[in-house]
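Note sheet for the following structure.
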Amino acid sequence: MKKLTTGVLLAGAAILGGTAASQPASAADVTLKFANWLPPFHHWTTTARDFADSIEKASGGSIKIIMDKAPLAKPPGQYDLAKNGVRDLVMGVSAYTAGRHQLYRMAEVPFATPSAETGSPGLHKWYTKHGFDKKEFTGTKLISAFVHGPGLLHSKKEIKTLEDIKGVKIRVGGGGVLMAKRLGAVPVAMSATKAHESLQRGTTDAAFFPYESLHGFKLAKLVKYHLEVPGGLYTTSFYVAMSGKKWDSLPSSAKKALNKAGGAAGSKLIGRGWDKADAVGKKAGIAAGNKIQQISASEKARWGKAIKIIKDDWVNKANKKGLNGKALMDELLSMMKG
């Protein structure tokens, strides 16, 4: 009986040992779900996967990130997906939820940065240096801040001067309303995903976007002209944020990996992906036979004077919070320009 029992135990141990041995050594200890609201042909799908891969690599395979294939909420609802714990990671646009991340949006000013790869880590370092992420990303953890490449004007008719833009219906994001008004245009606020339909139907005749939108939202054949502005006519602040509850539940090793691959390093990686997408978008505009022009120095000065109020408004908002708005803005722009 003793021999039988011993044999059974040894056999069981062998089975268990074999089962353990058959498990992959790199099996993930932590699985994170990453929300996605953009179409599969938009560069974010690839850029986000590259970003996720960098986190998995930093974790040594202990973290696995699964990307959603369909949106769980509209663009303005992305932040709440993380805050409410519906998704572990989200990408959002602060301009879509006005008032939530005010200091974060100080980056949304004219002529801010030459590229997304330069501006994105600059924004992240500035914002976290002052601890603003702890005050404005309540209930979540800011993983990486980023901006898109230089914003420009895409239009159905040729626009080179303030006189040309007067009365033109322009698709704008949440931060572009005042800019369009100051330039004499008619702002039509909507999320980026609705831009194609509005241009196609004639609800708008132009749009504020970086170049990537020509491919990412299939706009190249809906417009005929592209007016480039050195440094960008504007930029938009985006973020990758994590559920606060999920962050708190993670083991220290996972937090270390997220901090290593995220932060300014993640911002730079995402920015580089955006710049590559801008190059693809510009090629799409050229392939469509569109005309690309750069604003003249004298006209840029005129436009800059007209929209100076945008920068002044952000400075004033910071002042009202008891901060030195001008000093903060000057530092931010210096860091975003590299």
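Answer yes if at least one residue in region 261-281 is among the β-branched types (Val, Ile, Thr), in a helix (DSSP H, G or I) and touching a residue at least 12 places away in the same chain (Cβ under 8 Å), and no otherwise. Yes: one or more hits. Of the numbered criteria (1) within 25 Å of the chain's Cα centre (by Cα); (2) touching a residue at least 24 places away in the same chain (Cβ under 8 Å), the one ALA288 fails is (1). Taking the stated definitions as given, is VAL86 surrounded by fewer than 21 Cβ atoms within 10 Å (Cβ to Cβ) and either under 12 Å from the mean Cα position of the chain (by Cα) or in the same structural domain as TRP274 (by TED's automatic domain parsing) (or both)? Against the criterion (surrounded by fewer than 21 Cβ atoms within 10 Å (Cβ to Cβ) and either under 12 Å from the mean Cα position of the chain (by Cα) or in the same structural domain as TRP274 (by TED's automatic domain parsing) (or both)), VAL86 qualifies. Scanning region 303-338 for residues that are among the basic types (Lys, Arg), loosely packed, with under 15 Cβ neighbours inside 10 Å and assigned to a helix (DSSP H, G or I) yields LYS305, LYS308, LYS320, LYS326.
Confirm whether PHE217 is touching a His at 6+ places or on another chain (Cβ under 9 Å), closer than 18 Å to GLU108 by Cβ and not assigned by TED's automatic domain parsing to the domain that holds THR45. Spelling it out, it is not the case that PHE217 is touching a His at 6+ places or on another chain (Cβ under 9 Å), closer than 18 Å to GLU108 by Cβ and not assigned by TED's automatic domain parsing to the domain that holds THR45. Of the residues making up region 57-82, those that are crowded, with 19+ Cβ neighbours inside 10 Å, modelled with pLDDT of 95 or more and either outside the structural domain of PRO251 (by TED's automatic domain parsing) or assigned to a helix (DSSP H, G or I) (or both) are ALA58, GLN78, TYR79, LEU81, ALA82.
So for region 151-158 (the condition being at pLDDT 95 or above, farther than 20 Å from ALA306 by Cβ and surrounded by fewer than 18 Cβ atoms within 10 Å (Cβ to Cβ)), does at least one residue qualify? Taking every residue of region 151-158 in turn, at least one turns out to be at pLDDT 95 or above, farther than 20 Å from ALA306 by Cβ and surrounded by fewer than 18 Cβ atoms within 10 Å (Cβ to Cβ).
Scanning region 290-301 for residues that are charged (D, E, K, R) and either exposed (fewer than 15 other Cβ atoms within 10 Å of the Cβ) or under 15 Å from TYR104 (Cβ atoms) (or both) yields a total of 1. For region 107-139, filtering for residues that are surrounded by 24 or more Cβ atoms within 10 Å (Cβ to Cβ) and among the hydroxyl-bearing types (Ser, Thr, Tyr) leaves 3. Could you check, for region 248-256, whether at least one of its residues is within 20 Å of ILE159 (Cα to Cα), in contact with a strand residue (DSSP E or B) (Cβ under 6 Å, 6 or more places away or on another chain) and outside any strand (DSSP E or B)? Within region 248-256 (the criterion being within 20 Å of ILE159 (Cα to Cα), in contact with a strand residue (DSSP E or B) (Cβ under 6 Å, 6 or more places away or on another chain) and outside any strand (DSSP E or B)), the answer is no, since none of the residues qualifies.
Of the numbered criteria (1) of a type in the set (D, E, K, R); (2) free of Cβ contacts under 8 Å to residues at least 60 places away in the same chain; (3) closer than 19 Å to LEU38 by Cβ, the one LYS134 fails is (3). More than 16 Å from the chain's Cα centre (by Cα), surrounded by fewer than 22 Cβ atoms within 10 Å (Cβ to Cβ) and touching a residue at least 24 places away in the same chain (Cβ under 8 Å): does that describe LEU38? Taking the combined requirement at face value, the residue does not satisfy it.
The residues of region 230-246 that are outside any loop (DSSP other than H, G, I, E, B) and over 20 Å from the mean Cα position of the chain (by Cα), listed by number, are LYS245, LYS246. Selection of region 54-79 for residues being free of Cβ contacts under 8 Å to residues at least 60 places away in the same chain and within 19 Å of MET190 (Cα to Cα) yields PRO71, LEU72, ALA73, GLY77, GLN78. Filtering region 197-217 to residues that are part of a loop (DSSP other than H, G, I, E, B), free of Cβ contacts under 8 Å to residues at least 60 places away in the same chain and surrounded by 17 or more Cβ atoms within 10 Å (Cβ to Cβ) leaves THR204, ASP205. The set of residues in region 89-130 being under 13 Å from the mean Cα position of the chain (by Cα), in a helix (DSSP H, G or I) and of a type in the set (D, E, K, R) consists of ARG105, GLU117.
The values are calculated or read from the model by the stated rules, or taken from the named source; none is laboratory data. Remember, it's a predicted structure, so these values are computed and weren't measured experimentally. Reconstructed Cβ throughout: ideal geometry from the backbone, glycine too, with neighbour counts over all protein chains shown.
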